[in-house]
Amino acid sequence: MGMGVEIRNKLARRAAEEIRNGMVVNLGIGIPSLVPNFLSEDINVMFHAENGITGMGPSPQKGEEDENLCNAGGFPVTLKPGGSYCDSSIAFGMIRRGRVDMTILGSLQVSEKGDLANWIVPGKRVPGMGGAMELAQKAKKVIVVMNHCDKQGNPKIVKQCTFPLTSSACVDMIVTELAVFQVTEHKLVMTEIFPPYNIENIVKNTGCDFKINDNLRYIPY
């Protein structure tokens with residue numbers, strides 16, 4: 001099922017908690033593009049986009065969009081003081097050289113081992129993989145924000161991906177509307193729950209086994 005604005009903002013807010021001062025962070029399209037709206041003013045971060053921007057700010061207010069300034073998904077963005085533009089080859093060069101500290105992406109499926117499948121549904125037309133393959137392999141931390149289940153109610157966190165992989169064993173954290181998981185070397189670990197959901201809800205809607213952190217956090221928003 002689709003997400004309402006409140007849920008999308010909830011996921012973006014939780015992902016924003018992972019950002020530290022001084023980072024270079026790449027944002028995927030959709031929910032990840034909302035992350036700049038939830039950073040505190042004392043965090044100095046440079047948001048990167050594959051189409052050639054480093055230093056994106058929050059989404060512009062309605063009516064204040066610049067038709068010449070957009071992210072990799074084509075949606076309007078703002079530019080922070082000190083931000084800069086470049087061509088796509090340089091933007092991808094930054095990714096491939098390991099200059100991106102974190103990427104926040106959407107996904108169609110994530111396996112218990114952190115395999116990422118986020119670029120195509122078989123039989124559907126898509127414009128291409130974009131920068132997901134490079135980002136998944138070269139960013140120092142990979143966070144996925146997504147629905148816990150697809151539109152048919154099938155789990156998107158699975159034992160093994162059935163969609164074509166973008167990259168294997170690359171995801172570090174998964175944030176859904178139900179819970180937060182860390183992908184560790186040995187096992188998928190649930191570390192946080194979004195109220196009003198409980199462990200039974202999450203087990204029922206997850207397509208693989210997982211551990212539960214001893215210090216499980218109930219997220220207050």
**Message:** Every residue in region 151-169 that is over 15 Å from Leu116 (Cβ atoms) and either open to solvent by 50 Å² or more (accessible area, probe 1.4 Å) or of a type in the set (Phe, Trp, Tyr) (or both), please.
**Reply:** Lys151, Gln152, Asn154
**Fill in**
Per the list (1) in a loop (DSSP other than H, G, I, E, B); (2) at pLDDT below 95; (3) open to solvent by less than 40 Å² (accessible area, probe 1.4 Å), residue check on Pro127 breaks on (3)
**Message:** Conditions first: (1) more than 22 Å from Arg8 (Cβ to Cβ); (2) of a type in the set (Val, Ile, Thr); (3) at pLDDT below 95. Thr78 passes all but one, so which condition is the exception?
**Reply:** (1)
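Please state which one of Ala91, Ala49 is within 30 Å of Lys151 (Cα to Cα) and surrounded by 21 or more Cβ atoms within 10 Å (Cβ to Cβ). Can you show your working first?
Details: Ala91 fails: within 30 Å of Lys151 (Cα to Cα).
Matching residue, one of Ala91, Ala49: Ala49.
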**Request:** Quick one: which strands (runs of 3 or more DSSP E) lie wholly within region 1-97 and hold at least 1 residues that are within 21 Å of Thr176 (Cα to Cα)?
**Result:** 24-27
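The values are calculated or read from the model by the stated rules, or taken from the named source; none is laboratory data. For clarity, every value in this text was computed on a predicted model and none was experimentally measured. Every residue, glycine among them, receives a Cβ derived from its backbone with ideal geometry; neighbour counts consider all protein chains shown. Note: areas computed on protein heavy atoms with side chains; ligands, DNA, RNA excluded. Shrake-Rupley method; radii C 1.70, N 1.55, O 1.52, S 1.80 Å.
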